[in-house]
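A.B. asks: I am attaching a structure below and will ask some questions about it afterwards.
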Amino acid sequence: MGPFDVSKAVVAALGDEPLRALLGRLLEAEAGAYGLPLSGIDLGGSQTAPDGGVDGAIRWSGGPAETDWLPRRWTVFQSKAQVLAAAAIDDEMRPKGVLRPLFANLAREGGAYVIFSTDDPSNSSHQKRLKAMEEALAGLPDKERIALAFYGADRVARWVNCHPGIAMGLLEQHGRALGGWLPYGCWSGGSAGARYLLDNRPRVFIDGDEHDVIGGLAAVREKLGRPGGSVRLTGLSGTGKTRLAEALFDASVGGGTALTPATAIYGDAGLELAVGPVRMAEQLVLGRVRAVLVVDNCTAAVHARLSALVDREGSQASLLTIDYDLEPDQPEKTLAVRLGANSEGLLRDLLAQRAPQLQSAEIERLAHFSEGNARVALAVARQGGAVVDLSRLNDRELIDRLFQTRRADASATRKAADAAALVYAFHADAGDLPAEHPILAAIAGMRPEDFYRQIGTMLDWGIAQQRGPQRAIKPDPIANQLAATVLERSDPAAVLQVFASGPERLFASFCRRLGHLDRSAAAQALAAQLLGPGGWLAEPAAHSHEQRRAFRLIAPAVPAAVLNSIERSLAAEGVGSLVRTPDERRDLATLLVHFAYEPPPSARRCTRSRRWCLRRASRGATNRYGTSCCSASGRPCPGPWRLRPSAST
């Protein structure tokens with residue numbers, strides 16, 4: 001039994017046309033599950049049109065001789081939304097007493113004839129219906145070569161339940177809530193049937209190798225096409241991760257064999273799901289349901305639990321999780337895939353498809369402004385039109401357009417967005433951790449309850465995202481622009497005082513935002529103040545867990561200040577004060593990897609730190625953080641600096 005089982009009562013309530021449509025979906029799903037060509041499916045026309053006794057059929061050669069629900073390589077279906085007693089069956093197969101010509105062909109080729117009905121006979125009545133079908137063939141040469149079957153409401157329901165996507169769609173049609181879970185569809189919020197746009201350059205990274213999107217789709221499809229397969233898809237907000245997940249099931253998009261849409265079950269873990277992802281996976285695995293479970297906004301910890309579940313013996317499920325963060329450690333038994341930014345060419349095509357009201361110059365401007373982020377481009381495009389020429393606006397004016405609506409409280413929404421953008425994410429609902437939005441409300445100068453309501457407005461507008469109790473301004477380019485603007489006109493001491501009065505976790509989240517603002521003089525000044533003498537992050541040897549995290553995340557904005565802080569601690573207290581635990585050694589080594597190949601003066605400042613890193617490597621530290629750290633740096637550096645050994649090492 002699966003999590004979305006259809007009962008025979010649901011099937012029995014279908015009318016003629018819905019029943020015929022269901023038959024078509026089941027034939028397509030069965031073909032996809034067994035690798036049968038969709039071109040072999042033939043569906044009849046109108047229910048009231050003469051059909052020769054055929055409402056649906058499938059024919060194939062090679063491959064399996066039969067499937068669980070297709071008795072022969074040529075199987076014909078007659079769909080009837082009615083009770084079919086013996087007399088009605090005889091009338092259907094022998095109208096006016098004459099056997100349909102169809103059956104002579106079925107007998108000659110050894111095909112199958114199935115009545116597909118909402119009828120719900122008992123076991124004995126089912127046998128009587130089969131007997132009536134056999135008697136209707138009386139006098140037909142080679143009649144024994146025809147396989148006969150009667151699928152009443154009970155059997156139809158069981159067939160539906162083999163394909164969870166179809167079951168979910170039928171339940172939704174019947175008025176049953178799915179608790180936030182969705183069958184295959186436009187999960188990304190685009191238009192149904194819109195063509196998937198391919199990029200003109202490689203931007204899919206798998207195990208360090210770069211692929212184009214077609215190559216990436218092929219690799220992911222191959223992994224998820226096998227029961228037990230797990231894939232983790234990561235990338236920044238706005239790169240098209242959820243849209244790529246949709247494309248995996250789209251047969252019109254190249255790149256290996258498309259996954260069967262009827263196997264898809266999608267849920268956004270950032271929202272409230274009536275059945276959590278782990279419970280959903282357990283039900284799929286225990287029910288041995290062939291499904292591809294797609295979980296959006298899924299943390300690494302939840303992915304690990306889900307991956308272990310679908311990997312159990314006997315499981316028929318596979319797993320795709322989507323997130324915007326990639327943890328340092330790759331999940332076990334998982335294909336890790338990272339999606340890079342969109343090209344400007346793809347964004348131009350996307351804007352032309354989704355925002356046809358824009359002029360070509362506006363499309364060019366937004367494609368360049370959004371720096372590969374589709375969410376940014378589309379969010380600003382929605383505010384364009386005949387009144388304003390977006391091509392003539394500067395970056396700050398384009399951001400301002402997001403908040404220029406006819407709503408009376410749009411200015412309040414902007415104030416809340418400005419404050420919320422100062423942190424990478426915050427807790428808006430109390431749970432294991434206290435709610436943090438009152439701290440941000442103080443910065444915005446509004447009551448916590450008003451701030452909370454404005455965050456809800458931003459979720460509706462698509463410029464904020466939710467993951468459980470957390471909220472965040474997304475995409476990051478919008479949040480970075482908002483935060484930089486706020487810091488430019490804020491009193492640094494007042495900002496630091498507000499964050500110092502709140503939870504350390506929120507302060508660390510603020511530091512993470514500062515780390516994204518390496519081009520903002522105001523942000524760099526604040527970061528340097530935090531790392532300077534007397535600052536919250538001044539003493540690495542005394543850092544708490546959250547401070548250590550903040551120290552690592554703020555580093556991109558002020559690398560020199562971070563290195564100075566490290567060197568002060570090394571000089572005063574020695575290496576042991578900084579690496580008391582394996583996690584501390586890993587965090588510090590990770591920073592050194594990113595800094596050690598900078599041109600001077602940073603490279604000279606790293607001399608002592610590099611010597612420490614190499615010494616630790618010789619004592620058993622992994623090469624990733626030791627002698628091979630050049631391969632992990634990822635930073636361009638002139639050859640003379642990269643190759644010249646330090647005199648002190």
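A.B. asks: So with the 1.4 Å probe, I'd like the accessible area per residue for the stretch 343-500, rounded to whole Å².
C.D. replies: That works out to 44 Å² per residue.
A.B. asks: Alpha carbon centre of the stretch 249-305 versus the stretch 528-546: separation in Å?
C.D. replies: 42
A.B. asks: Still on this structure, I have one more. So, in Å, what gap is there between the alpha-carbon centers of the stretch 398-474 and the stretch 58-90?
C.D. replies: Going from one Cα centre to the other spans 57 Å.
A.B. asks: To continue, here is another question. Where q = 0.09, 0.11, 0.14, 0.21 Å⁻¹, what log10 of I(q)/I(0) comes from the Debye formula for the stretch 376-501, counting one point per Cα?
C.D. replies: Log-scaled intensity ratios, in q order: -0.25, -0.37, -0.60, -1.27.
A.B. asks: Under the Karplus relation 6.51 cos²θ - 1.76 cosθ + 1.60, θ = phi - 60°, what is the ordered set of whole-Hz ³J(HN,Hα) values for the stretch 94-110, x standing for Gly and Pro?
C.D. replies: Rounded to whole hertz, the list is 10, x, 6, x, 10, 5, 4, x, 3, 6, 5, 5, 4, 5, 5, 9, x.
A.B. asks: By a straight-distance test (C-alpha under 29 Å), which lysines pair with K223 as possible cross-link partners, with residues fewer than eight away in the same chain excluded?
C.D. replies: Result set, ordered by chain and number: K241, K333.
A.B. asks: When ligands, DNA and RNA are left out and all protein chains stay put, how many square angstrom of accessible area per residue does the stretch 23-142 have with a 1.4 Å probe?
C.D. replies: 47
A.B. asks: If you take the Cα Rg of the stretch 214-361 and divide it by 2.2 N^0.38 Å, with N the number of residues, what do you get?
C.D. replies: Output field value: 1.09.
A.B. asks: For the chain, which span is the longest to avoid every loop-located (per DSSP) member of GluC sites (Glu not before Pro) having at most 11 other Cβ atoms inside 10 Å?
C.D. replies: The answer is 333-649.
A.B. asks: While we're on this one: Give me D for the stretch 462-556 in µm² s⁻¹, whole number, from Stokes-Einstein with Rh from the Kirkwood sum over alpha-carbon pairs, 25 °C and 0.890 mPa s.
C.D. replies: In µm²/s, the coefficient is 178.
A.B. asks: If I take every Cα pair under 8 Å that is 6 or more residues apart in the chain, average their sequence separation and divide by the length, what percent do I get for the relative contact order?
C.D. replies: In percent, rounded to a whole number, it is 8.
A.B. asks: Just the C-alpha atoms of the stretch 1-115: what Rg/Rh do they give, with Rh taken as the Kirkwood radius?
C.D. replies: With Rg and the Kirkwood Rh in hand, the quotient comes to 0.97.
A.B. asks: Also, quick follow-up: Which whole-number percentage describes the relative contact order of the stretch 55-183, with Cα contacts under 8 Å and a sequence gap of 6 or more?
C.D. replies: 24
A.B. asks: Once you list every other residue whose beta carbon is under 15 Å from the beta carbon of Q127, what net charge do they have if Lys and Arg are +1 and Asp and Glu are -1?
C.D. replies: Summing Lys and Arg as +1 and Asp and Glu as -1 gives -1.
A.B. asks: Ignoring ligands, DNA and RNA, please state the percent of accessible area on the chain from carbon and sulfur, probe 1.4 Å.
C.D. replies: That share works out to 51 percent.
A.B. asks: Same structure again: Filter the chymotrypsin sites (Phe, Trp or Tyr not before Pro) in the stretch 504-563 down to the DSSP loop ones having no more than 15 other Cβ atoms within 10 Å, then list what survives.
C.D. replies: none
A.B. asks: After finding the eigenvalues of the alpha carbon gyration tensor for the chain, what semi-axes result from the square roots of 5 times each, listed largest first in whole Å?
C.D. replies: With the √(5λ) rule applied to the chain, the semi-axes are 59, 28, 22 Å.
A.B. asks: Apply the Kirkwood formula to the stretch 189-266: the hydrodynamic radius equals the inverse of the mean of 1/r over all pairs of different alpha-carbon atoms; give it in Å with one decimal.
C.D. replies: 13.1
A.B. asks: With +1 assigned to the C-beta of every Lys and Arg and -1 to the C-beta of every Asp and Glu, and no other charges, what is the dipole magnitude of the chain about the Cα centre in debye, to the nearest 20?
C.D. replies: Approximately 1740 debye in magnitude.
A.B. asks: Can you tell me which lysines have their Cα less than 30 Å from the Cα of K143? Leave out same-chain residues fewer than eight positions away.
C.D. replies: K80, K96, K128, K131
A.B. asks: Rounded to two decimals, what is the ratio between the C-alpha radius of gyration of the stretch 51-157 and 2.2 N^0.38 Å?
C.D. replies: 1.01
A.B. asks: For I439, I89, give the ranking by accessible area with the largest first, probe 1.4 Å.
C.D. replies: From most accessible down to least: I439, I89.
A.B. asks: From the helices alone, meaning DSSP H stretches of at least four residues, give me the mean residue ellipticity at 222 nm for the chain, per-run term -39500 (n - 2.57), in deg cm²/dmol to the nearest 500.
C.D. replies: Calculated at 222 nm, the ellipticity per residue is -13000 deg cm²/dmol.
A.B. asks: While we're on this one: Counting only heavy atoms of protein chains, what accessible area per residue, in Å², does the stretch 172-257 have with a probe of 1.4 Å?
C.D. replies: Computed with neighbouring chains in place, this is 45 Å² per residue.
A.B. asks: In the chain, what % of DSSP beta bridges are antiparallel (nearest 5)?
C.D. replies: Here the antiparallel bridges make up roughly 40 percent for the chain.
The values are calculated or read from the model by the stated rules, or taken from the named source; none is laboratory data. The model shown is predicted, which means the values in this text are computed figures rather than measured ones. Every residue, glycine as well, gets a Cβ built from its backbone with ideal geometry; the counts of neighbours run over all protein chains shown. With ligands, DNA and RNA removed, areas are computed over all heavy atoms of the protein, side chains included. Shrake-Rupley method; radii C 1.70, N 1.55, O 1.52, S 1.80 Å.
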